[in-house]
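A.B. asks: One structure, pasted below without further comment.
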Amino acid sequence: MTSASLIISVSGLRGIVGDSLTPDVAARYAGAFACRLKAARPSDAKRPQVLIGRDGRSSGAVLRDVIGGSLRGCGCDVLDADLVATPTIGVLVRDHDADGAIQITASHNPAPYNGIKLFGRSGRVLDASAGGEVRDAYLASQFAWSAFDRFGSIDTIADPHASHIDAVLATVDVERIAERRFRVLLDSNHGSGSLLGRRLLARLGCDVVLVGGEPDGDFEHLPEPTADNLSGVAGRVAQHGCDVGFCQDPDADRLALIDAQGRYVGEEYTLALCVQRALRSAATLGPIVINMASSSMSERLATAAGV
C-alpha cells in the first residue's frame, strides 16, 4: 500500500508501519499535539505532562520511543505507562492530572497497522474541535523543537493497572462473584488486555483459562472480535468447561462474549446486557446515555423500562 493509506481523523491517525506510518510521521504528529497543549497554557506555566501507552503490537515499542522523544523535545514531560489497555489510559490521565495522553494502537486492525489515539485532560478521546486543531497543525507541519535546556523529562508508571482494577472492583459485589468460583476464558489475542484482565479476574476469585496472554502482537486469529474470527476460541470455552469467554481486541476497548455452550455473543449485546441489568435494579434505574455508535437495543431497553 502507498502513503495514501494513512488515515487521519480528529481522534488520531492510523497507517501501515514502515509505509504510511513511519517514525517521521509519528514524531511530527506527536509534535503537533505538543504544540496544541503548550498553546493552551500560560507562557509561564510548567511544562505540559503527557501520558503514553501502547497495545501489544511489535511495532509499539519503537513508536513509543519516537513519540516520547518528540514530546520531550517539544517541551513536554512524559509519563510512560508502556503496555496498557486503551480504557486504562483514560483512568491514568485523571489519576495523574495529566494534560493529555497518546495511546499507540491500531485497535482491531491487522498486524501491519499501528496508530496514534489522542486523549485530553478529561481522560476522554479528543472531541472534534480539539482533535481537529491537532490534525490541522500536523498537516501544516506546525511543530517546533524546544531549546536544549527546555526539553521535557520522562518517568515510568510502576503499576499502571492498579487504579483501574480498583475502580472496577468498586462497582461490583466482589464477595458474591468470588463465591461462585467462575471458570473464565480470557482471550486477549496477544494484546495488552491480558495484563489487567487476568489480575482483575483473579481478584474476583475466578479460575482463568488465558488465551494469547503474552502481549507481543503475535495474533492467533484476526484481531477484530467477530463471530468468524472467534470460531476457534468459542470451541475452547466449551472444551474447558468455562462459564463464559471474554474476548478482547488488541487494545481491549472492544469486548465480545461467548457463553458456556460456546455460542458467540457480539459486542452490541455485551453493552445491551449491561444496560438491561442496570435497568432491572432500583439502585441504578434511570436515564441512560448512548452515543451514535450504540445499537438500537439500548434505546429499546430504556423505552421498555420507562426511562
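A.B. asks: Name the residue, out of Arg150, Arg176, that is over 29 Å from Gly18 (Cα atoms), over 21 Å from the mean Cα position of the chain (by Cα), in contact (Cβ under 8 Å) with a residue 60 or more places away in the chain and open to solvent by 30 Å² or more (accessible area, probe 1.4 Å). Spell out the reasoning first.
C.D. replies: On the way: Arg176 fails: in contact (Cβ under 8 Å) with a residue 60 or more places away in the chain.
When all the criteria are applied, what remains is Arg150.
A.B. asks: Considering (1) at pLDDT 95 or above; (2) on the phi < 0 side of the Ramachandran plot, say which one Asp82 fails and leave the rest.
C.D. replies: Here Asp82 meets the rest and fails (2).
A.B. asks: Report the residue count in segment 113-144 for those that are assigned to a helix (DSSP H, G or I) and open to solvent by less than 30 Å² (accessible area, probe 1.4 Å).
C.D. replies: Counting residues in segment 113-144 that are assigned to a helix (DSSP H, G or I) and open to solvent by less than 30 Å² (accessible area, probe 1.4 Å) gives 5.
A.B. asks: Same structure, new question: Any residue at all in segment 153-175 that is of a type in the set (Gly, Ala, Ser), at pLDDT 95 or above and touching an Asp or Glu at 6+ places or on another chain (Cβ under 9 Å)?
C.D. replies: yes
A.B. asks: Name the single residue that is nearest to Asp24 (Cα to Cα) among those in segment 35-85 being open to solvent by less than 10 Å² (accessible area, probe 1.4 Å) and of a type in the set (Val, Ile, Thr).
C.D. replies: Ile67
A.B. asks: So, one more: Search segment 58-81 for residues that are free of Cβ contacts under 8 Å to residues at least 40 places away in the same chain and pair each with any residue that is charged (D, E, K, R) when their beta-carbon atoms are under 6 Å apart and the residues are at least 6 apart or on different chains.
C.D. replies: From segment 58-81, no pairs qualify.
A.B. asks: Inside segment 254-305, can you point out the residues that are in a loop (DSSP other than H, G, I, E, B) and among the hydroxyl-bearing types (Ser, Thr, Tyr)?
C.D. replies: Those that are in a loop (DSSP other than H, G, I, E, B) and among the hydroxyl-bearing types (Ser, Thr, Tyr): Ser281, Thr284, Ser294, Ser295.
A.B. asks: When the residues of segment 248-287 are narrowed to those that are open to solvent by 30 Å² or more (accessible area, probe 1.4 Å) and more than 30 Å from Val233 (Cβ to Cβ), which ends up farthest from the chain's Cα centre (by Cα)?
C.D. replies: Of everything passing the filter in segment 248-287, Ala282 is farthest from the chain's Cα centre (by Cα).
A.B. asks: When residues of segment 194-212 are filtered for being open to solvent by less than 50 Å² (accessible area, probe 1.4 Å) and in contact with a His (Cβ under 8 Å, 6 or more places away or on another chain), how many remain?
C.D. replies: Here the count works out to 4.
A.B. asks: Need the failing condition index for Leu230 against (1) in contact (Cβ under 8 Å) with a residue 40 or more places away in the chain; (2) more than 17 Å from the chain's Cα centre (by Cα); (3) open to solvent by 20 Å² or more (accessible area, probe 1.4 Å), just the number.
C.D. replies: Here Leu230 clears every test but (3).
A.B. asks: Additional query: Pick from Gly152, Gly100, Gly132, Gly123: which is under 26 Å from Cys247 (Cβ atoms) and of a type in the set (Gly, Ala, Ser)?
C.D. replies: None of the other options fit; the residue is Gly123.
A.B. asks: Can you tell me how many residues within segment 179-190 are in contact with a strand residue (DSSP E or B) (Cβ under 6 Å, 6 or more places away or on another chain) and either surrounded by fewer than 18 Cβ atoms within 10 Å (Cβ to Cβ) or within 17 Å of Leu83 (Cα to Cα) (or both)?
C.D. replies: Counting residues in segment 179-190 that are in contact with a strand residue (DSSP E or B) (Cβ under 6 Å, 6 or more places away or on another chain) and either surrounded by fewer than 18 Cβ atoms within 10 Å (Cβ to Cβ) or within 17 Å of Leu83 (Cα to Cα) (or both) gives 3.
A.B. asks: Can you list residue pairs whose Cβ atoms sit under 6 Å apart, with the first residue in segment 286-307 being closer than 12 Å to Val275 by Cα and the second being outside any loop (DSSP other than H, G, I, E, B) and open to solvent by 90 Å² or more (accessible area, probe 1.4 Å)? Count only pairs 6 or more apart in sequence or on different chains.
C.D. replies: Ser295/Glu268
A.B. asks: Separate question: Within the bounds of segment 227-235, is there any residue that is at pLDDT below 95, within 20 Å of Phe182 (Cβ to Cβ) and not aliphatic (A, V, I, L, M)?
C.D. replies: yes
A.B. asks: Determine if segment 94-101 includes at least one residue that is modelled with pLDDT under 95 and closer than 17 Å to Leu196 by Cβ.
C.D. replies: For segment 94-101, residues modelled with pLDDT under 95 and closer than 17 Å to Leu196 by Cβ: absent.
A.B. asks: Looking at Gly205, Gly266, Gly245 in this structure, which one is without any contact (Cβ under 8 Å) to a residue 60 or more places away in the chain and touching a strand residue (DSSP E or B) at 6+ places or on another chain (Cβ under 8 Å)? Quick ask: steps written out before the conclusion?
C.D. replies: Numbers: Gly205 fails: touching a strand residue (DSSP E or B) at 6+ places or on another chain (Cβ under 8 Å); Gly245 fails: without any contact (Cβ under 8 Å) to a residue 60 or more places away in the chain.
Only one candidate qualifies: Gly266.
The values are calculated or read from the model by the stated rules, or taken from the named source; none is laboratory data. Just so we're clear, the structure is a prediction, and the values are computed from it rather than from any experiment. So basically every Cβ, Gly included, is an ideal-geometry build from the backbone, and we count neighbours across all protein chains shown. Protein only, heavy atoms only, side chains kept; ligands, DNA and RNA dropped before computing areas. Shrake-Rupley method; radii C 1.70, N 1.55, O 1.52, S 1.80 Å.
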